[in-house]
Each structure stands twice: as structure tokens, then as C-alpha cells.
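Participant: Right, I'll just put the structure down here and ask away after.
We did not get these values from a lab; they are worked out from the coordinates using the rules stated. As the structure is a computational prediction, the values presented were derived from the model and not from experiment. Cβ atoms come from the backbone with ideal geometry, glycine included; neighbour counts cover every protein chain shown.
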Amino acid sequence: MDTFDLAERRNITFYIVGLTFYSIGLEIFAGSIITLALDRFTSQTFEKLGVLVAVNQLSQFAGAIVIVSLLLAHDLIVQGPLVKWRAPKALLSFSAFALAAIPLPLLIIDRITGGKIQHPETRYGEYNPNFLYPIFILTGISIGLID
């Protein structure tokens, strides 16, 4: 017995495929930042990498707590400003945009400071690798909001 009609099955399939690509993209992004950190940190590499990954996980947790709190407040306050603001859609849209925009300064700074992507010779710019921390923290918050 079919519980979903054709349009619903198509929408569910698109949703599952979209989530799959989203998850793959997040894993590739996280892996690229970790690989960049391994290459850029010159002293105490693994300690700094551990802190970087832990802070990213904590920021994802914080982002998830923020979205849950706002959505609960949205449901509890029927006449409040969050209803007029349309919190769920606005927060998800903002989070998706932020997730795409936050790594952009890293790419710009790398290029400005002399980084080049050339096969077979790739060279990073001369910026402080600790700049990866705020990038990874902000993307963690965005990921937590979306998840």
C-alpha cells in the first residue's frame, strides 16, 4: 500500500539527494580546513589542530542550541516579534548564506598574501595560520544552525 503519491515521493527523493550533497560538502569543507591547518601550523601542530576541531564542534553545538532556543521562543510567543520576523525561514536562509560567505575572506587573504594554486606547485600565502580559528568557529555556528 502506497502512503505517498507521486509528487510526495519525488519531493522526498529530492530532499534526500539534497541532504546527501549537503553532508558530502560539509565533510569536504571540514577536511580541507583540517588539511590546511596541518600544513600551515609549524609548531605544536597536532595540539593546535585538536583545539581547532574541538572549537568547531563546540561552535556547532552552540549554533544548534541557538536555533532550538529561537524556534521554541517562536512557538511559545504567538504574538511576539519572532512571528513577524519569520524566524525559522530567515535563520535558515541567513545560516546558509553565512556558511557560503564565511570562508571567502580566507580565500581573499590567501591570494593577497601571495598564495597561488598551480599544478604541481601550490603555495600558501603568508598570513597568520591562527586566522583559521575564527573561520572554523563561524562556520561551525552556521552548520549548527542549519543542522
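Participant: Report the label-to-label distance for SER69 and ARG9 in nanometres (one decimal), using points 7 Å from each Cα along the Cα→Cβ vector.
Facilitator: 4.4
Participant: Still on this structure: Set the Förster distance to 25 Å, then compute FRET efficiency between VAL51 and TYR127 from the Cβ-Cβ distance, nearest 0.05.
Facilitator: 0.85
Participant: Right, next: Per-residue counts of other Cβ atoms within 10 Å, averaged by peptide: what ranking do you get for 44-56, 16-28, highest first?
Facilitator: Averaged packing, sorted descending, gives the order 44-56, 16-28.
Participant: Looking at the chain from every direction and averaging, what is the projected area of its Cα convex hull in nm²?
Facilitator: That works out to 13.3 nm².
Participant: Then there's this: With θ taken as phi - 60° and the coefficients 6.51, -1.76 and 1.60, list the Karplus ³J(HN,Hα) couplings across the stretch 125-139 in order, rounded to whole Hz; mark glycine and proline as x.
Facilitator: Each residue's phi maps through the Karplus curve to give x, 9, 10, 5, x, 5, 5, 5, 4, x, 4, 6, 5, 5, 5 Hz.
Participant: Using the Karplus equation 6.51 cos²θ - 1.76 cosθ + 1.60 (θ = phi - 60°), what ³J(HN,Hα) coupling, rounded to whole Hz, does each residue of the stretch 102-114 give in order, writing x for Gly and Pro?
Facilitator: After applying 6.51 cos²θ - 1.76 cosθ + 1.60, I find 5, x, 4, x, 4, 5, 5, 5, 4, 5, 5, 8, x Hz.
Participant: So what's the angle, to the nearest 10 degrees on a 0 to 90 scale, between helix 6-40 and the longest Cα principal axis of the chain?
Facilitator: Between helix and principal axis, roughly 20 degrees.
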